[in-house]
Amino acid sequence: MLARRLGPGGPVGLVRHQLRVHPLGVLLVLVDAVVVAGVSVGVPWLVGRLVADLPAAVGGGPLTVVGVEFVLLVGVLALQVLVGGAQEPVFQDLSLRTEKDVLERLARLFVAPVRIGHLEDPEFLDRAQRVRARVWEVNQGMMQGGTALTGLLTVCGAAASVGVVIGWPSAALLLGAAVAVAVVRSLLMRRELDQWVGATEDQRHAEYAFGLATGLAPKEVRVFGLTDWLARRYWERTAASWKPFWRKRVHNSLWGLALDAGRSAAAVGVVVHVVSGALDGTLSVAAAATAIPLVLVLAQAEIGGLPLFVRGAAVLDDLVETERRYGRTPPEAPHHPRRQPGTPPAVELVNVTFRYPGRDAPVLDRLSLRIHAGEDVGLVGVNGAGKSTLIRLLTGSLRPDSGHVLVDGVDLATLDETDVARWQRRVAVLTQEFCRYPLSARDNVTLGAGRLSTDADAPALADAARRTGALEVAEALVAGWDTVLDASFPGGQDVSGGQWQRIALARAAFAVGEGAGMMVLDEPAAALDVRAEAFLVERHLALTEGVTSLVVSHRFSVLRPIPRIVVLDGGRIVEDGSHDSLMELGGRYARLFTLQSQRLLAGEPR
């Protein structure tokens, strides 16, 4: 399992990581370990000396020695209190910084790469879930390492002290019991946690069900009565992931009882030996008073933090390995000067084949398509034909299995991450799953240029809004452009799907105004009413004037005015021409157009 396969970083890597995240926290961990261990071993010695010197003081002797010993004892205990009080806020800060660092790095694995193929890779998703579910182990790693160091120093110091005071056989017995318990507990804990780590699939299913039940699909959950089903699914998947873990924990608890019983028996035996020695005069009262607390320290000291420290290092190694396989340094977004028009690119797909992981048949099969610079092209195809996949390949989000995606004659596969990111900034995209940011309407539009709005954006914002019909949406909002488009925020307001689509279309238009040279619209009229759709049809060619454009839609009313329309079927482009020429051809496009027109005439929805 993972804990057995520590990478090159290992515990040393975890220490380096924590030193980078919070050097003061690491220093305090070390200081705390030394102080606590010193107090644990030192207090019995001070108590023994105090007990030895008290009779003389009680008999009228000088109190100076006893007073010094008492002051030292109080000082040592006060030091322990001070260090313990100081460590809590620093440890919490170390914990928060560690969690922030790990989660930020994990998040970058999802969003930093310019390509998105890894987001559908089960191995990546399992790795990400494994790290995310075990952040607490990294979080606790250094602190548990400090606990282990404290226990190790305490056990060694106490064993050496016992050897000096009452003999080395007793010290060896107690030290052997402590080490044996630590080793067996480490093995048991590793197996127990490995059991949990291996249940990533059930955990992912449970989290998804929980997310649906708590807000991802509030309307469907209620309308279709899915509440009980989601609750059962969440619990069943959660129970499936927990049951093996709890069986292992019960098994380990029985082992723990046996270990503690054996260790306690050894300690009791040594205490009996100490008391017997004090009674028959072979041990002084001072030696007995020193030895008995030391024996109890040895019987209770734990090196149990060591396995969690090792596991925290293993999780960090897993994150580092995942970064090595899937991570990319986020490329710097190129700066587009304001209001500088982008150069319309020529785009060509040459014999492109693409297959999603786990599927036998390719989505696109030796597809070829050329879009000239500044050309308007419409794309039509049935659901599942591969239209969205084609867009992802065109934007460089996916890499084809074979063939080439060329931009101005340059193959995207030959570009590094930074250059692919530059190409993506040249494309203004409205996808079917466009984001609905819980920000102001103004920011939802200007994010098309990769930034929140500024005062200088006002003219470009107004222009994009007028061209896309988003101005009407903004004017109807309670606070205009400043309205947060989410009613769950104070002063926020929800808008309809059609209104959201116009905001998203304005985002794409704003991106064009800020330097994008190509516009890709995927089902731009999917949520629009008839009036808004008619506005889009009327304004479409003006909206894409001066840029290369690709419009994907199943609504032929949207595609009909576009000079060139291509039909995607069977993973290839099977027809290519204007609306009139395709209707004369009498092929796939003509049949789909006729079928949709008949439904419209019959009053059926499209």
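The values are calculated or read from the model by the stated rules, or taken from the named source; none is laboratory data. These figures come from a predicted structure and were not determined experimentally. Reconstructed Cβ throughout: ideal geometry from the backbone, glycine too, with neighbour counts over all protein chains shown.
Inside segment 530-559, can you point out the residues that are of a type in the set (F, W, Y) and modelled with pLDDT under 80?
Of everything in segment 530-559, just one residue is of a type in the set (F, W, Y) and modelled with pLDDT under 80, namely F535.
Can you name every residue in segment 351-405 that is part of a loop (DSSP other than H, G, I, E, B) and among the charged types (D, E, K, R)?
Of everything in segment 351-405, those that are part of a loop (DSSP other than H, G, I, E, B) and among the charged types (D, E, K, R) turn out to be R355, R359, D360, E375, R399, D401.
Against the conditions (1) in contact with a strand residue (DSSP E or B) (Cβ under 8 Å, 6 or more places away or on another chain); (2) exposed (fewer than 13 other Cβ atoms within 10 Å of the Cβ); (3) of a type in the set (S, T, Y), where does S440 fall short? Just the number, please.
(2)
Starting from segment 579-606, keep only residues that are in a helix (DSSP H, G or I) and modelled with pLDDT of 90 or more, then list their pairs with residues that are exposed (fewer than 10 other Cβ atoms within 10 Å of the Cβ) and among the aromatic types (F, W, Y) whose Cβ atoms are within a distance under 8 Å, requiring at least 6 positions of separation or different chains.
No pair meets every condition.
Yes or no, residue by residue, for (1) touching a strand residue (DSSP E or B) at 6+ places or on another chain (Cβ under 9 Å); (2) polar (S, T, N, Q):
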{"residue": "A421", "(1), (2)": "no, no"}
{"residue": "D455", "(1), (2)": "no, no"}
{"residue": "L461", "(1), (2)": "no, no"}
{"residue": "T468", "(1), (2)": "no, yes"}
{"residue": "A479", "(1), (2)": "yes, no"}
{"residue": "G492", "(1), (2)": "yes, no"}
{"residue": "W500", "(1), (2)": "no, no"}
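Condition check ((1) without any contact (Cβ under 8 Å) to a residue 12 or more places away in the chain; (2) within 18 Å of L568 (Cα to Cα); (3) within 25 Å of the chain's Cα centre (by Cα); (4) not assigned by TED's automatic domain parsing to the domain that holds V495) across all residues:
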position	(1), (2), (3), (4)
D376	no, yes, no, yes
G381	no, yes, no, yes
A385	no, yes, no, yes
L390	no, yes, no, yes
L393	no, yes, no, yes
S397	no, no, yes, yes
V407	no, no, no, yes
D411	yes, no, no, yes
V420	no, no, yes, yes
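Identify the residue in segment 394-406 that is within 21 Å of G515 (Cα to Cα) and surrounded by 21 or more Cβ atoms within 10 Å (Cβ to Cβ) and, among all such residues, is modelled with the highest pLDDT.
Selected residue: L394.
Condition (residue is buried (at least 17 other Cβ atoms within 10 Å of the Cβ), within 16 Å of N139 (Cβ to Cβ) and either out of contact with any His (no Cβ under 7 Å at 6 or more places or on another chain) or modelled with pLDDT of 80 or more (or both)) applied to segment 57-80: is it met by at least one residue?
No; the residues of segment 57-80 include none that is buried (at least 17 other Cβ atoms within 10 Å of the Cβ), within 16 Å of N139 (Cβ to Cβ) and either out of contact with any His (no Cβ under 7 Å at 6 or more places or on another chain) or modelled with pLDDT of 80 or more (or both).
Whether any residue in segment 482-491 is more than 25 Å from G546 (Cβ to Cβ), outside any helix (DSSP H, G or I), at pLDDT below 90 and charged (D, E, K, R) is what I want to check.
The answer is yes; a qualifying residue exists.
Which of the following residues is modelled with pLDDT of 90 or more and buried (at least 18 other Cβ atoms within 10 Å of the Cβ): I562, I573?
Step by step, each of I562, I573 is checked, and only I573 is modelled with pLDDT of 90 or more and buried (at least 18 other Cβ atoms within 10 Å of the Cβ).
Just checking, does segment 417-425 include any residue being surrounded by 13 or more Cβ atoms within 10 Å (Cβ to Cβ) and assigned to a loop (DSSP other than H, G, I, E, B)?
No; the residues of segment 417-425 include none that is surrounded by 13 or more Cβ atoms within 10 Å (Cβ to Cβ) and assigned to a loop (DSSP other than H, G, I, E, B).
Could you look through segment 1-12, keep only residues that are in a helix (DSSP H, G or I) and touching a helix residue (DSSP H, G or I) at 6+ places or on another chain (Cβ under 6 Å), and pick out the one that is modelled with the highest pLDDT?
The qualifying residue modelled with the highest pLDDT is P11.
State whether the residues of segment 262-275 include one that is part of a helix (DSSP H, G or I), farther than 22 Å from A171 by Cα and β-branched (V, I, T).
Looking for residues that are part of a helix (DSSP H, G or I), farther than 22 Å from A171 by Cα and β-branched (V, I, T), one finds none in segment 262-275, hence no.
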